[in-house]
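Participant: First, the structure itself, so that you have it in front of you.
The values are calculated or read from the model by the stated rules, or taken from the named source; none is laboratory data. Predicted model, so just to flag it, every value in this text is computed and none were measured. Ideal geometry is used to build each Cβ from the backbone, glycine not excepted, and the neighbour counts take in all protein chains shown. These accessible areas exclude ligands, DNA and RNA; they are computed on the full protein's heavy atoms, side chains included. Shrake-Rupley method; radii C 1.70, N 1.55, O 1.52, S 1.80 Å.
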Amino acid sequence: FALPASIVRMFLLFDRKNGTVNRRAVSIESAGSYAKSFREALRSGTRGLMYDLNEYVTSPDWGPHCVTNAPATIRMFHGTTDSITPIACTHWYVANVKDCTPQFFENETHASVPLLHKAEMFEWLAKD
């Protein structure tokens, strides 16, 4: 199973609100790593993906409910034009998880946040 990198990039970088692709992120060379990673993850089939999805939805040891009492500070990084994960998900975590702070990136998509803002994300992780 293989997907062309252009299709994966478009899917991850598509701004549904404006009907466009985030061109700043598409031009970044590392965007192709998403396609490579996705192909590798599905190289031997979808069984593992389906198992993880099932565990995420049904297991008491996995999923959003597991972090509601997390013993660490949580920062949610979210692009305001993400067409994969609704912004409501980040709002749910902020409302339900102790010590959870959102950081929204205006006009960024699902994949453009880590591609264009990874330095900020790692800087936050490196703090005390």
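Participant: How many residues, within segment 90-119, are out of contact with any strand residue (DSSP E or B) (no Cβ under 8 Å at 6 or more places or on another chain) and without any contact (Cβ under 8 Å) to a residue 12 or more places away in the chain?
Facilitator: Of the residues in segment 90-119, 3 are out of contact with any strand residue (DSSP E or B) (no Cβ under 8 Å at 6 or more places or on another chain) and without any contact (Cβ under 8 Å) to a residue 12 or more places away in the chain.
Participant: Would you kindly identify the helices (runs of 4 or more DSSP H) lying entirely within segment 38-128 that contain at least 3 residues that are within 23 Å of residue 22 (Cβ to Cβ) and of a type outside the set (D, E, K, R)?
Facilitator: 87-96, 112-126
Participant: For segment 102-124, enumerate the residues that are under 20 Å from residue 71 (Cβ atoms) and within 16 Å of the chain's Cα centre (by Cα).
Facilitator: Once the filter is applied, which keeps residues that are under 20 Å from residue 71 (Cβ atoms) and within 16 Å of the chain's Cα centre (by Cα), segment 102-124 yields only 102.
Participant: If I filter segment 22-61 down to residues being of a type in the set (S, T, N, Q) and under 16 Å from residue 114 (Cα atoms), which single residue comes out as modelled with the highest pLDDT?
Facilitator: 37
Participant: Within segment 62-92, which residues are open to solvent by 90 Å² or more (accessible area, probe 1.4 Å) and at pLDDT below 75?
Facilitator: 62
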